[in-house]
Structures are given as structure tokens and as C-alpha cells.
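Colleague: Please find one structure pasted underneath; my questions will follow.
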Amino acid sequence: TQLLEQSPQFLSIQEGENLTVYCNSSSVFSSLQWYRQEPGEGPVLLVTVVTGGEVKKLKRLTFQFGDARKDSSLHITAAQPGDTGLYLCAGAPPSNTGKLIFGQGTTLQVKP
Amino acid sequence: NAGVTQTPKFQVLKTGQSMTLQCAQDMNHNSMYWYRQDPGMGLRLIYYSASEGTTDKGEVPNGYNVSRLNKREFSLRLESAAPSQTSVYFCASRVAFDSYNEQFFGPGTRLTVL
């Protein structure tokens, strides 16, 4: 069974600080996605990374896929209260069944 | 273009009652999914439908049934609700690209079983 371990599970920081969330596995994924979920809503896709070593930027958010496609990171620069939410990583197994394996999530609170 | 819609948004059931959660998507996607989300456990797949007319079990199917009514609609039924089924339920649909696929989620149904 493929697993994705996210860390940390909880993060509470002050506005303006930087942070990194990690998503690790011992298995290879064909692609990896990051979602953000706000209270009372469904997850919203932020980015998909496909190639080992790939880096994508979305304003102050930087996403990286590990060279071996087993891990990923999300870095937020100068966090703002609007970044508060649950961040989920999800990996697609190489078997291409269409299913995703989700990490447990990282709850981020950015205090003004 | 509403994306993925779910009804109801909230529901309270008593143990042993039954109910059906409805999901519809207007993006013409072939594949649809039902997940449950519990604190600290991420999203766990209950059932999925790769295409109209097919359904398969996911990680936690016990206590649930599904129906892929047509390409747009995928419903989840609890025949005899149990307190362990208290959760937030999300429906999703999938678009497939050459080397990856992406899922789009509905707003969720918050279910409490007393």
C-alpha cells in the first residue's frame, strides 16, 4: 500500500514568516498534486507536478517534486492570513488507475 | 458551469436510518469519486466510477453503496447509518491528461449519525 506522510500536521505562524510543508513516501508517484481546503469547503487544486525535480511557482507558493518522484515540498514565502487552511498533497500511483493517495494534511494558521 | 455539486450540505441521522448523498458534475468527466474526510486522516476513497456503468470499491467501502446513474451523477447510499459514519463526504470528478490527471471536488456533505 502506498502511503504519503505529510509534515508537520499543524503549523501556527505569524504573518510574514516563511514555512515549508513536506510530503514524503517510499513509493514512486507518476504525478503529485497539492490542494488547499478552507473550513466548510472542498479541496481546491493548487498545482500538479509531473517531472522529477520540477519546480512550480504560484505567487508566494513554491512547489517542488523530488528527483526520484517520491517526495514533494510546498514553501510559502511571507505568509499571510489568507494562506490559512488545510494543505493536502495527493500522489498518483504509476499504475494509472485514476485513484489518488492523499496525505493526512497540514493545518496552517497564519496570525496577523 | 457549476463544477461539482453535492446535496445535502448538512444531515443528521439516527443510527439505523438510511440516506442517499447526491453528486453531479457538469464538466463531462468520465470518472467520479466518493471520499470521506475525518480529522487527521486526510481523504479516504470509499468508491469510484471510472466511467458510466462501472463502479469499484476504494479503501473504505463497508457500509456504503453507490450508483452511477448517468455520466453526470454519482450517488452514495448509507443503508443503515452507524455513528462511525459521522464524517464529511466529498464527491469528485476527474479529468485525464496525457501524463497525469486532476480531480475537482464538490463542497461536501457534513453528516452526523447519532
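Colleague: Restricting attention to the range A:71-82, does a residue exist that is within 24 Å of B:Val88 (Cα to Cα), open to solvent by 30 Å² or more (accessible area, probe 1.4 Å) and out of contact with any strand residue (DSSP E or B) (no Cβ under 6 Å at 6 or more places or on another chain)? Let's see the steps before the verdict.
Modeller: Within the range A:71-82, the first condition is being within 24 Å of B:Val88 (Cα to Cα), and the residues that meet it are A:82.
When the remaining residues are screened for being open to solvent by 30 Å² or more (accessible area, probe 1.4 Å), the result is A:82.
So of that shortlist, the ones also out of contact with any strand residue (DSSP E or B) (no Cβ under 6 Å at 6 or more places or on another chain) come out as A:82.
Scanning the range A:71-82 turns up at least one residue that is within 24 Å of B:Val88 (Cα to Cα), open to solvent by 30 Å² or more (accessible area, probe 1.4 Å) and out of contact with any strand residue (DSSP E or B) (no Cβ under 6 Å at 6 or more places or on another chain).
Colleague: Report, ordered by the first and then the second residue, all pairs with beta carbons closer than 6 Å, sequence separation of six or more or different chains, a first member in the range A:84-112 that is on the phi > 0 side of the Ramachandran plot, and a second member that is surrounded by 24 or more Cβ atoms within 10 Å (Cβ to Cβ).
Modeller: Pairs that qualify, where the first residue is on the phi > 0 side of the Ramachandran plot and the partner is surrounded by 24 or more Cβ atoms within 10 Å (Cβ to Cβ), are A:Gly105/A:Leu88.
Colleague: Any residue that is within 15 Å of B:Gln103 (Cβ to Cβ), at the interface with chain A (Cβ under 10 Å from one of its Cβ atoms) and either of a type in the set (A, V, I, L, M, F, W, C) or open to solvent by less than 30 Å² (accessible area, probe 1.4 Å) (or both) - is there at least one of those in the range B:17-28?
Modeller: Checked against the condition, which is being within 15 Å of B:Gln103 (Cβ to Cβ), at the interface with chain A (Cβ under 10 Å from one of its Cβ atoms) and either of a type in the set (A, V, I, L, M, F, W, C) or open to solvent by less than 30 Å² (accessible area, probe 1.4 Å) (or both), the range B:17-28 yields no hits at all.
Colleague: Go through the range A:8-21 residue by residue and tally those that are part of a strand (DSSP E or B) and open to solvent by 50 Å² or more (accessible area, probe 1.4 Å).
Modeller: Quick first cut of the range A:8-21, residues part of a strand (DSSP E or B) only: A:10-14, A:19-21.
Now restrict to residues that are open to solvent by 50 Å² or more (accessible area, probe 1.4 Å): A:10, A:12, A:14.
Final tally of qualifying residues: 3.
Colleague: In this structure, does B:Ala82 turn out to be at pLDDT below 95, of a type in the set (A, V, I, L, M) and open to solvent by 20 Å² or more (accessible area, probe 1.4 Å)? Full working, then the answer.
Modeller: Numbers: at pLDDT below 95: no; of a type in the set (A, V, I, L, M): yes; open to solvent by 20 Å² or more (accessible area, probe 1.4 Å): yes.
Considered against the rule, which asks whether it is at pLDDT below 95, of a type in the set (A, V, I, L, M) and open to solvent by 20 Å² or more (accessible area, probe 1.4 Å), B:Ala82 comes out as no.
Colleague: Another one. May I ask you to list the residues in the range B:46-63 that are at pLDDT 95 or above, open to solvent by less than 30 Å² (accessible area, probe 1.4 Å) and more than 13 Å from B:Cys23 (Cβ to Cβ)?
Modeller: Selection gives B:Pro61 alone.
Colleague: If only one of B:Leu43, B:Leu69 is more than 26 Å from A:Pro39 (Cα to Cα), modelled with pLDDT under 95 and under 14 Å from the mean Cα position of the chain (by Cα), which one is it? Walk me through it before giving the result.
Modeller: Values: B:Leu43 fails: more than 26 Å from A:Pro39 (Cα to Cα).
Just a single option satisfies the conditions, and that option is B:Leu69.
Colleague: Now for a separate question. Sort out which residues of the range A:24-45 are open to solvent by less than 40 Å² (accessible area, probe 1.4 Å) and away from chain B (no Cβ under 11 Å), and write them in order of number.
Modeller: Correct list: A:Ser25, A:Ser27, A:Trp34.
Colleague: Moving on. Against the conditions (1) free of Cβ contacts under 8 Å to residues at least 40 places away in the same chain; (2) touching a Cys at 6+ places or on another chain (Cβ under 9 Å); (3) part of a strand (DSSP E or B), where does A:Gln64 fall short? Just the number, please.
Modeller: (2)
The values are calculated or read from the model by the stated rules, or taken from the named source; none is laboratory data. These figures come from a predicted structure and were not determined experimentally. Glycine gets a Cβ as well: all are built from the backbone with ideal geometry, and neighbour counts include every protein chain shown. Remember, those area values only see protein heavy atoms, side chains included, never the ligands or the DNA or RNA. Shrake-Rupley method; radii C 1.70, N 1.55, O 1.52, S 1.80 Å.
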